[in-house]
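Structure first, then comments.
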2 protein chains.
Amino acid sequence: LKQIKIGIFGLGTVGGGVVEQLRENRELLKARTGTDLVILKAVVANPSKPRPFDLGPIEVSGDPNFILDDPEIDVVIELMGGVTLAKEILLRSFVSGKTVITANKALLAECAEEVFEAAYEHHALLGFEAAVAGAIPVIRVIKEGLAGDRITEVSGIINGTANYILTSMSKKGEDFQKALGKAQEKGYAEADPTFDVEGVDTAHKLLVLMCIAFGGIFDFKELYTEGITKIEPVDIEIAAGFGYVIKLLGKAKEVGGKVEGRVHPTLVPEDQMLASVDGAFNAVKLSGNFSGPIVSYGRGAGARPTASAVVADLVSLVRQRESETSPVPPLSLMSEKLKHRKLMPMAEVLSEYYLRFSVEDKVGVLAELTRVLGSHNISIASMIQRSRSEEGGPVFVVFFTHEALERDVVEALKTLDQLPFIAQPTRMIRVDPS
Amino acid sequence: LKQIKIGIFGLGTVGGGVVEQLRENRELLKARTGTDLVILKAVVANPSKPRPFDLGPIEVSGDPNFILDDPEIDVVIELMGGVTLAKEILLRSFVSGKTVITANKALLAECAEEVFEAAYEHHALLGFEAAVAGAIPVIRVIKEGLAGDRITEVSGIINGTANYILTSMSKKGEDFQKALGKAQEKGYAEADPTFDVEGVDTAHKLLVLMCIAFGGIFDFKELYTEGITKIEPVDIEIAAGFGYVIKLLGKAKEVGGKVEGRVHPTLVPEDQMLASVDGAFNAVKLSGNFSGPIVSYGRGAGARPTASAVVADLVSLVRQRESETSPVPPLSLMSEKLKHRKLMPMAEVLSEYYLRFSVEDKVGVLAELTRVLGSHNISIASMIQRSRSEEGGPVFVVFFTHEALERDVVEALKTLDQLPFIAQPTRMIRVDPS
């Protein structure tokens, strides 16, 4: 198996997630790419700092040239943040033909022209899915999922910190300072929260999405950006009275050839999908001229969700680098890894159940129902009894069960439905609490 | 510009959508693929039937060999449905090296082994995004967006007809037969609705998703499938009382190496994302071992949304066929089409506004506020006045405006905030009703 040699810049939260994911999913990644993806080198600000994960074969240095000057390194993953050094890393990697993956939205937004033009010039393989909305594959949805559409709108909640604060303010009536303090305690906001609460991070991400969605390079300085620091509880309360939720929205649309883009707190009607995105989650709404609206929702930050986006780019770009035929096999796995798989028989499935019995209204019925269910290992979570309209007619008894085996439920109902007090076959519907 | 020659099987609803999309978005598709995508031939059951769209240069025949035997045709799009002929079309196209796009979930599910094994054997470029969940790029999200993740769960509402009927039953208290009749009247259900209401269509789609998500070929006959025909209004009502909505769910998960898959009506807690998917919309929830949950939502059927998925596959596969470097350029457009774009100045943006004035509680204030707003072309949609806790202190007057120009609002507030009865600077928050 060919080894793909990776050099990583930054071993913080996301870097650690990437190291873990490549280790934990190694066999699966081999089956999907036909290669072995191995991080051989890391460059970090403080090479002697202990890390909360096993480094394995990774050699660590403080010198960027340790990776950039190594012709053996195929792929560079940049997770350091900041603009100056990160830009140098990207530009030099493009020149030397290395595949590049970055999560650096500040760099891509503030230096969009320089970075993207260099990527085009050198026919670089460049992935930046992790720069926007964590695990949500929004860049892939725009570039590939809506590849046939003229995109008319991009909007979203793409900063988990600001959304966490607004959600706290909204659900607990807290003011901005208190909600921010709590977010900082819980690790959802940084000690200096400026970029998140002033909308800068949202603006960085929106600008990246706009460049792809509307086919061009925009100037970050032209993007109107307003944060959430001036939102007061009274505004949240009044808005709620009118059926609105206040969200920090990044939104851009193209109308008649003109592109409008802006980041600011926005009153969103509470029945809209975006209004129900709470806490640290992100959501992005895209509209294409044929697709109509598409909303994608998921975790917008954190070690594992962001690593997920980095590694998806890695798989995608390695498939493009290495494939001589189709970069994406029909079922994603390489041919030789494809297998026939058996489904678990329905009888072995565990579920919760809704059971509606139609029974004669007489003493002892309830006891008999529970007894038979119990004897089949089915325990009851809740129960109601409902009388029907006609006097003396059958009544409904409804049970919600705890998790039980399908086989046991089928057997129990077979027995129960033959009892004399059962008026109609029992209605069983499965319940999915997750 | 190289021309990509396309042969299409089927010119019904979706076929018509594809013809229109290739025409309407032609220049954009050139910019994204560096090729000109042209349908030259169509094969339909009844070649003389008039079509509600302009055929342009498309030659129409009733003989499949008209396309299959033409070595000039690069790409075959199969939108006829049915299993026997469609399978022959796919298999023969693989053998002759044609790129294939299909929306045929019945074929892919019922003949999964034969079709996918042939695709692998011939290194075929095969796209089937349109087979599941219309415009939602769920196949791409699994194959590429979650390419680095072990997928643990796939579940979703992937049949719009059944969901439309359940939504009607739930919102209007109708019974199944009545809701079905209305769905048929409105064109959401076919004259023979068996596949939709018995869960077969959902099962077809789930099986396709399972093959990609869990890396293997499953047997459609093993998939437990139960429809919605036995759901009664009383069950919907009782479920609602316990905080649940009844949905036709397709769900599969992998636990400890075993895969469980099933299609049946399910009680879903009403605060879950999937519970709020109403009418003809679809939604799919995916979970990866690093990504966490990702929910994608959009239109699950219809001419334009389904065409959107077909054309996205077309772009993706043509990029793979034709590209010598990266199949997906960094910003999606070909280099020479990339341009610098100006943003619309914020002053020219149209929005609705929430304006909260803090004013002294005296006569004439409201009149003056409305007068100044009116003189800046800002009209009021609704208004409330709120007294503050302290007696004699300032009161809040809140206006929701109709759409107005940002410049006008900024100017109006500049004037208003200098008036003597204004106690604090006015809070302005933009409102997005869409």
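Inverting the mean 1/r over all pairs of different Cα atoms, compute the Kirkwood radius of region A:69-156 and quote it in Å.
Here the Kirkwood hydrodynamic radius works out to 13.9 Å.
As I understand it, the value is the acute angle between the Cα axis of helix A:365-375 and the longest principal axis of the Cα atoms of chain A; what does it come to in degrees, rounded to 10?
Between the helix axis and the principal axis of chain A, the angle is about 50 degrees.
Highest GNM mean-square fluctuation, chain A, Cα pairs closer than 10 Å: which of A:Leu29, A:Leu85, A:Leu125?
The residue that fluctuates most here is A:Leu85.
Rank B:Ala301, A:Ile212, B:Val284 by how far each Cα sits towards the positive end of the charge dipole of the protein assembly as shown (+1 on Lys, Arg Cβ; -1 on Asp, Glu Cβ) and give me just the farthest.
After comparing all options, I get A:Ile212.
Under the convention of a label 7 Å out along Cα→Cβ, give the distances in nm from A:Glu222 to the same position in every other copy, shortest first.
Its label point is 5.6 nm from the equivalent points in the other copies.
Run the simple label-point estimate for B:Ala240 and A:Glu270 please: 7 Å along Cα→C-beta, distance reported in nm.
1.8 nm
Divide, for region A:249-355, the radius of gyration over alpha carbons by 2.2 N^0.38 Å, where N is the residue count.
Taking the Cα Rg and dividing by 2.2 N^0.38 Å, one obtains 1.60.
What are the semi-axes of the equivalent ellipsoid for region B:231-303, taken as the square roots of 5 times the Cα gyration tensor eigenvalues, largest first, in whole Å?
Result for region B:231-303: semi-axes of 23, 17, 13 Å.
With +1 assigned to the C-beta of every Lys and Arg and -1 to the C-beta of every Asp and Glu, and no other charges, what is the dipole magnitude of chain B about the Cα centre in debye, to the nearest 20?
For chain B, the charge dipole is close to 880 debye.
Please work out the FRET efficiency for the pair A:Val38 and B:Glu322, using the Cβ-Cβ distance as r and a Förster radius of 30 Å; give the result to the nearest 0.05.
0.40
How big is region A:271-319 in terms of Cα radius of gyration and Dmax, in angstroms?
Radius of gyration, then largest Cα-Cα span, for region A:271-319: 13.9, 42 Å.
If one takes the longest principal axis of the Cα atoms in chain A, at what angle in degrees, from 0 to 90 and to the nearest 10, does the Cα axis of helix A:406-416 lie?
Approximately 20 degrees, to the nearest 10.
State, in angstrom, two size descriptors of region B:153-289 derived from its alpha carbons: Rg to one decimal place and Dmax to the nearest whole number.
Rg, Dmax (Cα atoms, Å): 14.8, 46.
What translational diffusion coefficient, to the nearest whole µm²/s, does region B:1-81 have by Stokes-Einstein, given a Kirkwood radius computed over alpha-carbon pairs, a temperature of 25 °C and 0.890 mPa s viscosity?
Result for D is 190 µm²/s.
Taking 20 Å as the cut-off for C-alpha to C-alpha distance, list the pairs among A:Lys143/B:Lys5; A:Lys41/A:Lys98; A:Lys171/A:Lys247; A:Lys105/A:Lys178; A:Lys105/B:Lys143 that go past it.
Over 20 Å apart, Cα to Cα: A:Lys143/B:Lys5; A:Lys105/A:Lys178; A:Lys105/B:Lys143.
To the nearest 20 debye, what is the magnitude of the charge dipole of the protein assembly as shown about its Cα centre, counting +1 on the Cβ of each Lys and Arg and -1 on the Cβ of each Asp and Glu?
220 debye
Between chains A and B, what is the buried accessible area in Å², counting both sides, with a 1.4 Å probe and ligands, DNA and RNA left out, to the nearest 100?
11800 Å²
Taking R0 as 30 Å, what FRET efficiency do you get between A:Glu360 and B:Gln184 from their Cβ-Cβ distance, rounded to the nearest 0.05?
Values: r = 38 Å, r/R0 = 1.26.
According to the calculation, E is roughly 0.20.
Among A:Leu1, A:Leu267, A:Ile136, pick out the residue whose Cα is farthest towards the positive end of the charge dipole of the protein assembly as shown, where Lys and Arg carry +1 and Asp and Glu carry -1 on C-beta, about the Cα centre.
A:Leu1
How big is region B:7-166 along each principal axis, measuring the range of its Cα positions in Å and listing the largest first?
Cα spread of region B:7-166 along its principal axes, largest to smallest: 47, 39, 35 Å.
Would you give the gap between the C-alpha center of region B:409-429 and the C-alpha center of region A:357-374, rounded to a whole Å?
So the separation of the two Cα centres works out to 69 Å.
How far, in whole Å, is the closest Cβ of chain B from the axis that maps B onto A, and which residue does it belong to?
Of all Cβ atoms in B, the one closest to the rotation axis yields B:Ser296, 3.
Using only Cα atoms, what Kirkwood radius does chain B have, in angstroms?
Hydrodynamic radius (Kirkwood, Cα only) of chain B equals 25.3 Å.
Taking the Cα centre of region A:336-414 as the origin and placing charges on Cβ (Lys, Arg +1; Asp, Glu -1), which of A:Val372, A:Val397, A:Met346 is farthest toward the positive end of the dipole?
The Cα lying farthest towards the positive end belongs to A:Met346.
May I ask you to derive the relative contact order of chain B, considering only C-alpha pairs under 8 Å and at least 6 residues apart, and to give it as an integer percent?
15 percent
Quick check: residue separation of A:Lys49 and A:Ala381 times 0.36 nm, minus the Cα distance between them. What number comes out in nm?
Difference between extended and current length: 114.4 nm.
Tell me, what is the 1.4 Å probe accessible area of A:Met80, in Å² to the nearest 10?
70 Å²
Tell me the distances, shortest first, between A:Gln418 and the same position across the other copies, using label points 7 Å along Cα→Cβ, in nm to one decimal.
A:Gln418 label point versus its equivalents elsewhere: 9.2 nm.
For region B:373-434, what is the largest minus smallest coordinate of the Cα atoms on each principal axis, given in angstrom and ordered from greatest to least?
Sorted from largest, the Cα extents of region B:373-434 read 37, 27, 17 Å.
What are the distances, in nm and sorted shortest first, from the label point of A:Glu322 to the label points of the same position in each other copy, with each label point placed 7 Å from Cα along the Cα-to-Cβ direction?
Between copies, matching label points for A:Glu322 lie 2.8 nm apart.
Could you check how many percent of all C-alpha pairs in region B:300-398 are farther apart than 23 Å?
The proportion of pairs with Cα distances above 23 Å equals 62 percent.
With each pseudo-label sitting 7 Å past Cα toward Cβ, what's the B:Glu88-B:Glu336 distance in nm, one decimal?
The modelled label-to-label distance comes out at 4.3 nm.
Any chance you could list P(r) for region A:107-190, counting all Cα-Cα pairs in 5 angstrom bins from zero, rounded to whole %?
Bins of 5 Å from zero give 3, 12, 15, 15, 17, 13, 10, 9, 5, 2, 0 percent of pairs.
If you roll a 1.4 Å probe over the heavy atoms of the protein chains, what accessible area per residue do you get for region B:162-298, in Å²?
For region B:162-298, the per-residue accessible area is 35 Å².
Could you calculate the contour length gain from A:Ala347 to A:Ser96, that is, 0.36 nm times the residue separation minus the distance between their Cα atoms, to one decimal place in nm?
On the way: separation 251, 0.36 × 251 = 90.36 nm, distance 5.75 nm.
Length gained between A:Ala347 and A:Ser96: 84.6 nm.
In debye, nearest 20: dipole of region A:114-192 around its Cα centre with unit charges on the Cβ of K, R (+) and D, E (-)? The partial results should precede the final answer.
Values: 8 positive and 12 negative charges, 107 e Å.
It works out to roughly 520 debye.
How many partner chain Cβ atoms sit within 10 Å of a residue's Cβ in peptide B:424-433, on average, as a whole number?
Neighbouring Cβ atoms belonging to other protein chains average 6 per residue here.
Efficiency by 1/(1 + (r/R0)^6): what FRET value for B:Arg23 and A:Val255, r their Cβ-Cβ distance, R0 = 35 Å, to the nearest 0.05?
0.95
Would you mind checking the tilt of helix B:176-185 against the longest principal axis of the Cα atoms of chain B, expressed as 0 to 90 degrees and rounded to 10?
Tilt relative to chain B: about 90 degrees.
Can you give the three extents of the C-alpha atoms in the protein assembly as shown along their principal axes, from longest to shortest, in whole Å?
Principal-axis extents of the protein assembly as shown (Cα, largest first): 81, 73, 67 Å.
Quick check on the protein assembly as shown: of the DSSP beta bridges with both residues there, what percent are antiparallel, nearest 5%? Write out the running numbers ahead of the final one.
Working: 107 of 161 bridges.
Here the share of antiparallel DSSP bridges comes out near 65 percent.
Which far-off residues, 5 or more places away or on another chain, put their amide H under 5 Å from the one on B:Ser61, with H placed in the peptide plane?
Under 5 Å from the amide H of B:Ser61: B:Ala42, B:Val43, B:Val44.
At each listed q (0.13, 0.15, 0.20, 0.26 Å⁻¹), what is the log10 of I(q)/I(0) that the Debye formula gives for region A:28-121 modelled as equal alpha-carbon point scatterers?
Evaluating at q = 0.13, 0.15, 0.20, 0.26 Å⁻¹ gives log10 I(q)/I(0) of -0.50, -0.66, -1.08, -1.39.
With a 1.4 Å probe and all protein chains left in place, how much accessible area per residue does region A:337-434 have, in Å²?
Result: 51 Å² of accessible area for each residue.
What does a probe at A:Glu72 reach in region A:5-21, counting residues whose amide N is under 15 Å from the point 7 Å along Cα→Cβ?
A:5-8
Order B:Met383, A:Met428, most accessible first, counting only protein heavy atoms with a 1.4 angstrom probe.
Numbers: B:Met383 75, A:Met428 35 Å².
My answer, sorted largest first, is B:Met383, A:Met428.
Pop out the carbon and sulfur fraction of the accessible area of the protein assembly as shown as a percent, whole number, probe 1.4 Å.
Ligands and nucleic acids excluded, carbon and sulfur reach 50 percent.
The values are calculated or read from the model by the stated rules, or taken from the named source; none is laboratory data. Model, not experiment: these values are computed from the prediction. Note that we place each Cβ from the backbone using ideal geometry, even for glycine, and neighbour counts take in every protein chain shown. The area values use the complete protein model at the heavy-atom level, side chains included, leaving out ligands, DNA and RNA. Shrake-Rupley method; radii C 1.70, N 1.55, O 1.52, S 1.80 Å.
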